[in-house]
1. Six or more apart or on different chains, Cβ atoms under 8 Å: show the pairs whose first residue is in the stretch 55-81 and surrounded by fewer than 18 Cβ atoms within 10 Å (Cβ to Cβ) and whose second is of a type in the set (Lys, Arg).
2. For the stretch 25-51, how many residues are assigned to a helix (DSSP H, G or I), touching a helix residue (DSSP H, G or I) at 6+ places or on another chain (Cβ under 9 Å) and surrounded by fewer than 21 Cβ atoms within 10 Å (Cβ to Cβ)?
3. For the stretch 95-110: of the residues being over 20 Å from Thr50 (Cβ atoms) and outside any helix (DSSP H, G or I), which is modelled with the lowest pLDDT?
4. Against the conditions (1) surrounded by fewer than 21 Cβ atoms within 10 Å (Cβ to Cβ); (2) in contact with a Gly (Cβ under 9 Å, 6 or more places away or on another chain); (3) closer than 25 Å to Lys33 by Cα, where does Val93 fall short? Just the number, please.
5. Take the residues in the stretch 123-136 that are surrounded by 14 or more Cβ atoms within 10 Å (Cβ to Cβ) and part of a helix (DSSP H, G or I); name whichever of them is modelled with the lowest pLDDT.
6. In this structure, is Gly67 over 11 Å from Leu92 (Cβ atoms), touching a helix residue (DSSP H, G or I) at 6+ places or on another chain (Cβ under 8 Å) and of a type in the set (Gly, Ala, Ser)?
7. Going by the structure shown, is Leu92 under 26 Å from Pro14 (Cα atoms), in a helix (DSSP H, G or I) and either touching a strand residue (DSSP E or B) at 6+ places or on another chain (Cβ under 7 Å) or not small (Gly, Ala, Ser) (or both)?
8. List the number of the failed condition for Arg31; all other conditions in (1) of a type in the set (Lys, Arg); (2) over 23 Å from the mean Cα position of the chain (by Cα); (3) within 16 Å of Lys95 (Cβ to Cβ) hold.
Amino acid sequence: MSTPQPTVRGAVPPPEAWPTVDEVAALLRARTKDNNGVEVGTFNPDTRPTDQGAGELIANAAQAVAGELAADVPIELYGSFSFCTKLYAACLVEKAYFPEQVQSSRSAYDQYWAEYLRAIEALKDRLPTGGDGSLEASGIGVLGLRRPYGGRCCQSGLGSPPGYPELVCAVVNYDDPWC
C-alpha cells in the first residue's frame, strides 16, 4: 500500500505582499464606524473590528489564500495575491463581526466571495507551472510585463501593487514574441 503524498502548497508571501488595514477598510467603508456611529474610513481602536482585529484577519486571510495555491507567489504577482487576500479578509470581517447580516443577506459577503473566487482562479492561472520553475508558462508575458533593455528595467504595464512602488519594474528572462 502506497503512502499518500502531501499536497504541495505555496509559501505564504511576506507581509509586504498583504493588503493594509486601510485597503481592506476601503472595501468595507460602511463597517468603519466608530463608537459614535461616525464612518471614519479605516479601522482604528474605536471601530468594530479594531485595526488590530482587522490586521489579525488579514494575516489569517493571507494564510488561507496561500493555502489555495500550489506554488510560491513570484514577486510579479504580489499585487494579485494582495487583491485576493483583501477580498478574503473582507469576507472574514463580515462573517466574524456581522454574521446576523450575512445570514439575512444584508451584507456584501456573497459579492465579495464571488469576486474572491474569480480572483483566486486568475491568480492560480498565472502561477508558474513549468517544471523548471520559470514564469514562461505562467502567462506573465501576456499581462503587459516587458523585458529590460540595455540593463534598464522597463516599467510594467501592470503598475505597482498599492503601497509597493518598488515593484513597478519586472524582469522577465525569456524571449517575448511580441517585443
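1. What qualifies is Gly67/Arg9; Glu68/Lys124; Ala70/Arg9; Ala70/Lys124.
2. Total satisfying the criteria: 3.
3. Ser105
4. (1)
5. Looking at the filtered set, the residue picked out is Glu136.
6. Here the answer is no, as Gly67 does not meet what is asked.
7. The answer is yes for Leu92.
8. Result: Arg31 passes all but (2).
The values are calculated or read from the model by the stated rules, or taken from the named source; none is laboratory data. Computed from a prediction, not measured in an experiment: that's the story for all the values here. So basically every Cβ, Gly included, is an ideal-geometry build from the backbone, and we count neighbours across all protein chains shown.
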